[in-house]
Amino acid sequence: MTRLARLYGGLFRIAFLEQIQYRASNVIWMIGMVLEPIVFLVVWTSVAESRGDVAGLGPRDFAAYYIVVLVVNHLTFSWIMHVFQYRIQQGSLSFELLRPVHPIHNDLCANFAYKIQMLVILTPAIVLMIIGFDPRFDLQLGSLLAFVPALILGFAVRFLFEWTLALAAFWTTRTMAMNQIYFAVMTFLSGRIAPLAVFPDLLRDAAAVLPFYYMVAFPVEVFLGQLAPAEMLRGFGFQVFWVGVAAATIASAWRFSARRFTAVGA
Amino acid sequence: MSPPAVRLRGLTKIYRVPVRGAGVREALRSLVRRETREVPAVRGVDFEVAPGEIVGFLGPNGAGKTTTLKMLAGLLHPTSGEAHVLGFVPAQRERAFLEQITLVMGQRNQLAWDIPVLDSFDRNRAIYGLEASDYRRTIDELTELLELGELLPKPVRNLSLGERMKCEVALSLLHHPKVLFLDEPTIGLDVTMQRRIRTFVREHNRRTGAAVLLTSHYMADVEALCPRVILIHHGEILFDGARTALVDRFSSEKTLVVDLGVADATADLSRYGTVVARDGARVTLRVAKAETPAVTGQLLANHPVQDLTVEDPSIEDVIDEVFREQRLAPE
């Protein structure tokens, strides 16, 4: 077994055990994550029912969209921006810096462990939403196959991008305000509030080049078969591009950022 | 002769800290002009630690001990000067370097709070890529030396401070580090637990030959473990040498304890030196080192002395005196 596989096996096992300890709070977090798309689903369904289709989407299309958003949002989200500042201020980063492996590996394992455990909540939530909202799925094998890399890359874009932004905590101890701006923009442009189809052209064009769309809405649209092959390929291209940008930023900024730890002094 | 485990040359760390005066005016002024002040924490420190050596690194709060240790562990970047640990430059944080050192901070906790101790151990096993058989053997050894048996299955949050510290120390040693930086490992522990940690460090050093650089405010730690001590104050080295030499060199006085017996119990001995304590016929005097032989002779000649002992002051008193009076120039 390679060193990396052993490292991930060991870290994942302990992260899984640790997440079990936090099961009650994790369930509460998860309920919040389930409620968000349901709220937007109810709003857009009401709009579609009262005014007719919105941008070609009817109530059952919105249901399908938000059910897949729930899954993709769960599988791609990370909490690193919430905790990084705390790590620096409390000094726990010291111990992570003393270890001969980059802290991002443990973060990844903790992320996977949480997500796997929360399938216990996610699965019945999806079943109930399917029963309650009667979504219209037009599933095609090609879309489903393309969904897998779109989802993995969506996770990679989001995780690495947020890890990069979290490094700001080395420069300022007030990252919460910055995080708030990020989450507002991200929630909007990633398609969590509304499908990008209902956006004005200008916003849609902007979203198409920024990383946020590729974190959630792009994998969702791939799954639902809403994209032509050329759009899909272009989307994959952007995902790879943003993964590269974020990974390169972390690789180059990490050593430089860790030097800043000096000033924080924890 | 093997190369030193730790070598510092002119190691310096200057923190730059923001400053501003009190009041609204100063607060507004700081918005447009941010002022900073340079605070030197460590100033041109030189020393070496040989493989297998245990060195006490002593100084009052804010002397620069922890900053030095953090630079040696690669957590802080020196402002200038050089540090080498096992031939590595700590600030570069190379994997091979990190695999061979450890830093225990008595006031910080690296065990995961909510899972059993053994799970935290397992995490370090994965991080350091330890082989199963070696890992098992190490845990058995540490369990025996530190009596960890009952603690391993408990969540860390349910351990007492002393129990937690034992587990912290064990966790830090699972990967067989060749250099141990121990920053107040016994702080806040009761006497029994302090002694247990001390015994363990000495035994571990004997078994593994790891070099140890230890900071502590407890002189009992230093007396039990460190044949050599380094004194640091205001970021500069005041003394580096044998612990016994520290007392010889910096103590200008000796302590005489005289038992006068019942016949002469109330005699005034102040003309011989400073009376620092009196308990019935038992008098404790402080006398200049050079005058000790003469005073001893006079006491024996002029009084019906039942018992007389001449003692060096405790290392704690000596160090306290050194730091308080600041009467020494760096070597």
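The values are calculated or read from the model by the stated rules, or taken from the named source; none is laboratory data. It should be emphasised that the depicted structure is a prediction, and the values quoted were computed from it without experimental measurement. A quick note on method: Cβ atoms are made from the backbone with ideal geometry, for glycine too, and the neighbour counts reach across all protein chains shown. Keep in mind that these areas ignore ligands, DNA and RNA; they rest on the heavy atoms of the full protein, side chains included. Shrake-Rupley method; radii C 1.70, N 1.55, O 1.52, S 1.80 Å.
Answer yes if at least one residue in region B:152-165 is in a helix (DSSP H, G or I), crowded, with 17+ Cβ neighbours inside 10 Å and without any contact (Cβ under 8 Å) to a residue 24 or more places away in the chain, and no otherwise.
yes
In the set B:43, B:29, B:37, which member is closer than 30 Å to residue B:220 by Cα, open to solvent by 50 Å² or more (accessible area, probe 1.4 Å) and not in a loop (DSSP other than H, G, I, E, B)?
Working: B:29 fails: closer than 30 Å to residue B:220 by Cα; B:37 fails: closer than 30 Å to residue B:220 by Cα.
Sole residue among the options that is closer than 30 Å to residue B:220 by Cα, open to solvent by 50 Å² or more (accessible area, probe 1.4 Å) and not in a loop (DSSP other than H, G, I, E, B): B:43.
Counting only residues that are in a helix (DSSP H, G or I) and in contact with a Ser or Thr (Cβ under 7 Å, 6 or more places away or on another chain), how many does region B:266-313 have?
Final tally of qualifying residues: 1.
Does residue A:253 satisfy the condition of being without any contact (Cβ under 8 Å) to a residue 24 or more places away in the chain, more than 14 Å from chain B (Cβ to nearest Cβ) and either under 17 Å from the mean Cα position of the chain (by Cα) or part of a helix (DSSP H, G or I) (or both)?
In short, no.
From the list B:240, B:264, B:221, exactly one residue is open to solvent by 10 Å² or more (accessible area, probe 1.4 Å) and at pLDDT below 90. Which is it?
Every option except B:264 fails the conditions.
Residue by residue, here is whether (1) open to solvent by 70 Å² or more (accessible area, probe 1.4 Å); (2) among the aliphatic types (A, V, I, L, M); (3) out of contact with any helix residue (DSSP H, G or I) (no Cβ under 9 Å at 6 or more places or on another chain); (4) farther than 20 Å from residue A:219 by Cβ holds:
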| residue | (1), (2), (3), (4) |
| --- | --- |
| A:117 | no, no, no, yes |
| A:123 | yes, no, yes, no |
| A:140 | yes, no, yes, no |
| A:157 | no, yes, no, no |
| A:165 | no, yes, no, yes |
| A:171 | yes, no, no, yes |
| A:178 | yes, yes, no, yes |
| A:188 | yes, no, no, no |
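Among what's in region A:47-83 and is at pLDDT 90 or above and hydroxyl-bearing (Ser, Thr, Tyr), pick the residue that is surrounded by the fewest Cβ atoms within 10 Å (Cβ to Cβ).
Ranking the qualifying residues of region A:47-83, first place goes to A:78.
Would you please list the contacts, defined by Cβ atoms under 8 Å and residues six or more apart or on different chains, that run from a residue in region A:199-225 that is in contact (Cβ under 8 Å) with a residue 40 or more places away in the chain to a residue that is open to solvent by 40 Å² or more (accessible area, probe 1.4 Å) and of a type in the set (S, T, N, Q)?
Going by the 8 Å Cβ cut-off, the qualifying pairs are A:225/A:140.
Taking region B:76-117 as the region of interest, how many residues are outside any strand (DSSP E or B) and more than 10 Å from chain A (Cβ to nearest Cβ)?
Final tally of qualifying residues: 6.
Could you please tell me which pairs satisfy a Cβ distance under 8 Å, a separation of 6+ or placement on different chains, a first residue in region B:123-145 that is within 11 Å of residue B:175 (Cα to Cα) and part of a helix (DSSP H, G or I), and a second residue that is open to solvent by 80 Å² or more (accessible area, probe 1.4 Å) and of a type outside the set (D, E, K, R)?
Sorted first by the residue in region B:123-145, then by its partner, the pairs are B:138/B:176.
Checking the conditions here, which among A:222, A:198, A:216 is among the β-branched types (Val, Ile, Thr) and modelled with pLDDT under 95?
Numbers: A:222 fails: modelled with pLDDT under 95; A:216 fails: modelled with pLDDT under 95.
Only one candidate qualifies: A:198.
Considering only helices (runs of 4 or more DSSP H) fully contained in region A:78-192, which possess at least 2 residues that are more than 26 Å from residue B:124 (Cβ to Cβ) and not aliphatic (A, V, I, L, M)? Before you say what the answer is, go through the steps one by one.
Numbers: elements: A:80-90, A:92-98, A:103-117, A:119-133, A:141-166, A:175-189.
In region A:78-192, A:119-133, A:141-166, A:175-189 are the helices (runs of 4 or more DSSP H) which contain 2 or more residues that are more than 26 Å from residue B:124 (Cβ to Cβ) and not aliphatic (A, V, I, L, M).
Out of B:317, B:307, which single residue is open to solvent by 60 Å² or more (accessible area, probe 1.4 Å), closer than 30 Å to residue B:215 by Cα and of a type outside the set (Lys, Arg)?
Residue meeting the stated conditions: B:317.
I need the full set of residues from region A:18-45 which are part of a helix (DSSP H, G or I) and open to solvent by 60 Å² or more (accessible area, probe 1.4 Å), in order please.
A:20, A:21, A:23, A:24, A:28, A:29, A:31, A:35, A:39, A:42, A:43
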